[in-house]
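S.K.: Here's a structure for you.
The values are calculated or read from the model by the stated rules, or taken from the named source; none is laboratory data. Only a predicted model underlies this, so the values are computations on that prediction, with no experimental measurement involved. For neighbour counting, all protein chains shown are included, and Cβ atoms are generated from backbone atoms with ideal geometry for every residue, glycine included.
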Ligand code: GLN
């Protein structure tokens, strides 16, 4: 058994969830982080996932939602996206781990002989491994917020809960607190908010030896003082630690709601720390901008995972940020690319002001994406392509503008005579699917005088990648002659990172995923520029419509 009773400067907040999943533990953890940072504390966040996959990289977005990528190339849970958008914490592969990773390390150690003589068991070996991975991120920060995936009561999360129970014992009461996020359903027939599921969930936690210090109570209406008292009494929690987490219109209001409920004050009291008062002006400013936009645009997102919108979480947020930068509400219309194949781009895209084609894998729906691009290119509708979105844009231009009708990606047609998108040399013969793509941050040189340069205002940038295929350099000259501008390249010039089409008001696409780096306080330049052009396109369209109407009025 390892000794964890060491002196660590960092204090820990463990966030668990009860009753049902999808209550927003990730957002709650991120908002706690934002509040503590606003008080001048340094923080970090970590997500513990109880499933057995080593990382979510091999799971379908339909199953797991978006795979978020960090600078160091880790394929992580989408909650890390919330953490990075809400806080200044710099996250790496150590900020997310799974049961799969825990067992992987333990089995490697066992084979090496590290446990020689011992029977390897869940307690203490698995719990020790979990504790080491948690403590490993506590370098020089005041507070570490650790979110436990899953719902209390799941078989899978038990070792995680046992490990965090032990940590309070190891590190002391003033250094560890437990926050439990729960649901309080309103039952219309009884005209009442019901507390029983929360009582059961807290009981379940207490059975394992964890007494929550704070309850975050999700409900569609505020909790009365009386109800807070009742919950406190039944759950053994102080009344002022029962926080009403009422539904909000926009996620960026969550830190403000928590603050009004006294959450940050309670946390610092329990952890016995002194801080300045929180500075929340920036959050107030964002909430105000989102709730009172001056303009409105509708973006069509043509993709494959349209029924599972968590698959495009960061993209969705980055578009909202692009709107924030232009005082504009951004409505999103998800369009199934297979539907485009059946009904045509003109029918499905007629009500949108701009079109975005996001990342994706596999050939399903690709032709629908290509015909959407042809439609927006010919009708000069602002277009933004990301990763696969850029690859299909290049295929479309090669086919239609260069006249190479059979152009394709070898991902969709390995035998294509015109492989304008092809697998990278290093990827040939890679059979193992987990963690083997071009992943994480890579530098890019932006060409002066291009649209990309006008929005970035910089030549040297760095963006995050997650793909195997690239533009085939053999076709670069021909496409350039046809009007393509290679506006961003890897510093050695060998890889295309950003492209644009000259004969169009906004046809910009990139091989990387800019959505991972957009923040509400710092909207990403490409999203800012895209929404700006969408807004201009819409305003122009409206003007034309007015001019047309005028003669009819006479
Ligand atoms: N499937 C493409 C590739 O692997 C694009 C990946 C993506 O859009 N993230 O290159």
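S.K.: Checking residue 406 against (1) more than 28 Å from the chain's Cα centre (by Cα); (2) more than 14 Å from the ligand (Cβ to nearest atom); (3) buried (at least 16 other Cβ atoms within 10 Å of the Cβ); (4) free of Cβ contacts under 8 Å to residues at least 40 places away in the same chain: exactly one of these is not met. Which one?
M.R.: (3)
S.K.: Hey, another quick one. Please go through segment 218-235 and give me each residue that is surrounded by 13 or more Cβ atoms within 10 Å (Cβ to Cβ) and in a loop (DSSP other than H, G, I, E, B), ordered by number.
M.R.: Hits for segment 218-235 are 222, 223.
S.K.: Something else: If a residue has to be touching a helix residue (DSSP H, G or I) at 6+ places or on another chain (Cβ under 8 Å), at pLDDT 95 or above and surrounded by fewer than 22 Cβ atoms within 10 Å (Cβ to Cβ) to count, how many in segment 44-71 make the cut?
M.R.: Adding up the residues that qualify gives 0.
S.K.: Which condition number does residue 248 fail, the rest of (1) surrounded by fewer than 21 Cβ atoms within 10 Å (Cβ to Cβ); (2) at pLDDT 95 or above; (3) not in a helix (DSSP H, G or I) being met?
M.R.: Of everything listed in (1) surrounded by fewer than 21 Cβ atoms within 10 Å (Cβ to Cβ); (2) at pLDDT 95 or above; (3) not in a helix (DSSP H, G or I), residue 248 misses just condition (2).
S.K.: Does residue 546 satisfy the condition of being within 28 Å of residue 351 (Cβ to Cβ) and at pLDDT below 95?
M.R.: yes
S.K.: For segment 327-365, enumerate the residues that are over 28 Å from residue 539 (Cα atoms) and in contact with a strand residue (DSSP E or B) (Cβ under 8 Å, 6 or more places away or on another chain).
M.R.: If we filter segment 327-365 for residues that are over 28 Å from residue 539 (Cα atoms), which is where we start, we get 338-339, 341-342, 359-365.
If the condition is that a residue be over 28 Å from residue 539 (Cα atoms) and in contact with a strand residue (DSSP E or B) (Cβ under 8 Å, 6 or more places away or on another chain), then 359, 360, 365 are the ones that fit.
S.K.: Cβ-Cβ below 7 Å, separation at least six or inter-chain, first residue in segment 424-452 and free of Cβ contacts under 8 Å to residues at least 24 places away in the same chain, second away from the ligand (no atom under 15 Å from the Cβ) and outside any helix (DSSP H, G or I): which pairs?
M.R.: Taking only residues 6 or more apart or on different chains, the pairs are 448/459.
S.K.: Can you find, within segment 354-368, the residue that is farthest from the ligand (Cβ to nearest atom) among those that are closer than 17 Å to residue 332 by Cβ and in contact with a helix residue (DSSP H, G or I) (Cβ under 6 Å, 6 or more places away or on another chain)?
M.R.: 354
S.K.: Going through 428, 438, 466 one at a time, which residue ends up being surrounded by fewer than 18 Cβ atoms within 10 Å (Cβ to Cβ), within 14 Å of the ligand (Cβ to nearest atom) and either within 28 Å of residue 362 (Cα to Cα) or modelled with pLDDT of 95 or more (or both)?
M.R.: Answer to the selection: 428.
S.K.: Which ones in segment 472-499 are in a strand (DSSP E or B) and more than 26 Å from the chain's Cα centre (by Cα)?
M.R.: 484, 485, 486, 487
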